[in-house]
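A short worksheet on the structure shown next.
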Amino acid sequence: MARPELQPTIGELLDRQGVSRRSFVKYCTAMASLLALPPHAARAMAEQLRAARRPSVIYLSFQECTGCLESLTRSFAPTIENLIFNVVSLDYDDTLMAAAGSQAEEAREQAMRANYGKYLLVVDGAVPTGDGGVYHCAAGRTGLDILTDCAKGAAAIVCVGTCASFGGLPFADPNPTGARAISTLVPGKPVVNVSGCPPIPEVIAGTLLQYVTSGRVPDLDEHLRPTVFFGNSIHDRCYRRPFYDQGKFAKTFDDEGARNGWCLYELGCKGPTTYNACATIKWNNAVSFPIQSGHPCLGCAEPDFWDRGSFYSPIPSPRWGKAGEVSPAQAAAIAAGAAVAGAAIGVGSVLLGRRRIERHQQEPKSQSGKGNEE
Ligand code: FSX
């Protein structure tokens, strides 16, 4: 495998494949809008990307349901083909790659050696640490051993999904395997969490693309998530929000309120305490998202969403109080405060976020697992 500096630039690769500059700028325009950049940023992004070399990506999977990878393979902008063939060099992914067994492991080791200090490690799933890590083994090694080995030479780690970001389903009470979030197991490494169970495919792809374009970890919130995608709550951007502000709620799934498309807060919607881009980017090529399909948000992008009581009980958080108690002006002030705080957090948020996740993982479940207070 050639050293990274000997690899062709993305622009050279595109030229070889006959991709015109015009269609590449068009592609970057779609990307810029996904990343909430102004329209004129598309041309600059195209130039930056053309000059960049595809980073080597090592993709590891631990305790998970493969929903995250299923999600990524359904990305429409960029498509998975575009991402893999044009933007990154996916050198190891034991689910997608043709090679298996020792051939696959050799490919990973070779890519890690050739790109030491520069490759991007993408991880989905939590890592079991109980009983010596025996609950996840591959090629005769524990998941923890593989993660530690691969993390050493990584420039940064992108955690795809709530399991990798916060422990997710494997971490749910009673967490029989001692599952842990990735950020708590890789001290000193920059970590970006792309949470969601599964995450939105365009958010996974957009985060990778942003890293390739800028060569650095994006601005993160207090849970180490890119603020460009996780800066607003579902509630802030929900098209049913005017009904919440008017106090109009569906009380059952087949009452008049449900038929009129009223707010799902009283049916347990976790939109007010969930930060993600479902209400704007949506799913399946922007066709819909759970709330638009008539189902409350489960809050799957937040820590501990499995352990916060029934998905169908209204949020008991004092911050949001009883439905209708928060006025639009109060809600706007809270949202503005969160945005200012998010912008001010900067680099410090990485350290704080990591400590916060670590603390949370060590707390007894009886303290950390219940309620929706944030
Ligand atoms: Fe977890 Fe992902 Fe949910 Fe599944 O890899 S975030 S259980 S969608 O598959 O890790």
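Odds and ends about this structure:
- Flag if residue 53 is within 16 Å of the ligand (Cβ to nearest atom), of a type in the set (Lys, Arg) and touching a helix residue (DSSP H, G or I) at 6+ places or on another chain (Cβ under 8 Å): no
- Residue list for the range 178-196, filter: surrounded by fewer than 23 Cβ atoms within 10 Å (Cβ to Cβ) and not in a helix (DSSP H, G or I): 178, 185, 186, 187, 188, 189, 190
- One residue alone among 182, 204 is among the β-branched types (Val, Ile, Thr), farther than 24 Å from residue 362 by Cβ and assigned by TED's automatic domain parsing to the domain that holds residue 90, and that residue is 204.
- Filtering the range 267-320 to residues that are within 24 Å of residue 76 (Cα to Cα) and not in a loop (DSSP other than H, G, I, E, B) leaves 275, 283, 288.
- Qualifying position, being under 24 Å from the mean Cα position of the chain (by Cα), surrounded by fewer than 22 Cβ atoms within 10 Å (Cβ to Cβ) and of a type outside the set (Ser, Thr, Tyr), among 133, 153, 140, 125: 153
- Across the range 89-99, not a single residue is classified as more than 15 Å from the ligand (Cβ to nearest atom), surrounded by fewer than 19 Cβ atoms within 10 Å (Cβ to Cβ) and of a type in the set (Phe, Trp, Tyr).
- Residue in the range 130-152 that is of a type in the set (Phe, Trp, Tyr) and within 13 Å of the ligand (Cβ to nearest atom) present: no
- From 61, 75, residue being at pLDDT below 95 and within 16 Å of the ligand (Cβ to nearest atom): 75
- Filter result (farther than 21 Å from residue 160 by Cα and part of a strand (DSSP E or B)) within the range 109-148: 141
The values are calculated or read from the model by the stated rules, or taken from the named source; none is laboratory data. Model, not experiment: these values are computed from the prediction. All Cβ positions, glycine included, derive from the backbone under ideal geometry; neighbour counts span all protein chains shown.
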